[in-house]
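Bear in mind these aren't lab numbers, they're just calculated from the coordinates by the rules spelled out. Small disclaimer: the values here were computed from a predicted structure and weren't measured. For neighbour counting, all protein chains shown are included, and Cβ atoms are generated from backbone atoms with ideal geometry for every residue, glycine included.
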Amino acid sequence: MSQPSRPAFVRLPRCEAGNRIGLLGGTFNPAHAGHRLLSLIALRRLRLDAVWWLVTPGNPLKRTDGLPPLAERIAQAKGVAAHPRIVVTGVEADIGKRYTCDTLAWLTRRAPNVRFVWLMGADNLRQFDRWRRWRAIARLATIAVIDRPGSSFTATRSRAGMWLSRWRLPETEAPRLATAKPPAFIFLHGPRSSLSSTALRRAAIENAGKSRHVASAPRV
């Protein structure tokens with residue numbers, strides 16, 4: 001049986017030639033204030049025109065059982081983003097991609113005159129070498145890593161951090177990162193958030209368990 005064909009045209013979020021767009025990928029399960037803080041830092045320090053939150057159908061490095069539907073996560077993320085220059089999109093599902101290297105390759109072909117910057121928290125840099133074709137990612141788009149509590153030293157001393165160090169720009173040159181030729185990498189310090197989607201999901205499960213316990217307790 002033949003597979004259904006993908007649409008020939010996929011509508012990207014609004015962008016124009018010369019725009020500087022930050023890309024923040026993830027399951028956003030759930031999106032939280034830490035994602036927003038990272039995006040606001042990137043918008044200001046890198047002088048971006050917009051940040052796109054790429055809500056993935058499923059992270060290949062994580063289990064997807066129990067993952068809320070994409071539409072639900074997009075709607076929740078839009079509520080958290082609440083900023084005219086933070087755009088939430090499910091374009092990866094539209095183009096049938098789950099790996100960052102494939103998504104970036106598609107985006108750079110589709111919008112060759114847009115300056116894309118891949119954004120990540122320092123905790124993700126620590127395990128960046130586990131990502132499929134992670135070196136290819138660095139050659140497709142410049143990379144900005146935003147500091148996270150407990151990750152500053154371990155991130156920059158990780159395998160990927162050491163490999164990227166040869167192309168590291170000083171923070172004073174943050175405004176030119178978007179126009180630099182990849183590979184180019186910068187580590188940004190500033191306000192940090194300790195929030196994580198994993199911790200929020202765990203807390204929600206624990207709170208739900210406590211609520212069930214209270215509801216089932218016998219009345220005296």
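Paramagnetic label reach from E173 (point 7 Å along Cα→Cβ; backbone nitrogen cut-off under 20 Å): within the range 43-80, residues 43-48. Stretching R135 away from S152 to a fully extended chain increases their span by 4.0 nm, per 0.36 nm per residue minus the current alpha-carbon distance.
For K97, a cut-off of 20 angstrom between C-alpha atoms picks up these aspartates and glutamates, skipping any fewer than 8 places away in its own chain: D65, E72, D129.
If the chain linking Q127 and T108 were pulled fully straight, counting 0.36 nm for each residue of separation and taking away their Cα-Cα distance, it would gain 4.4 nm.
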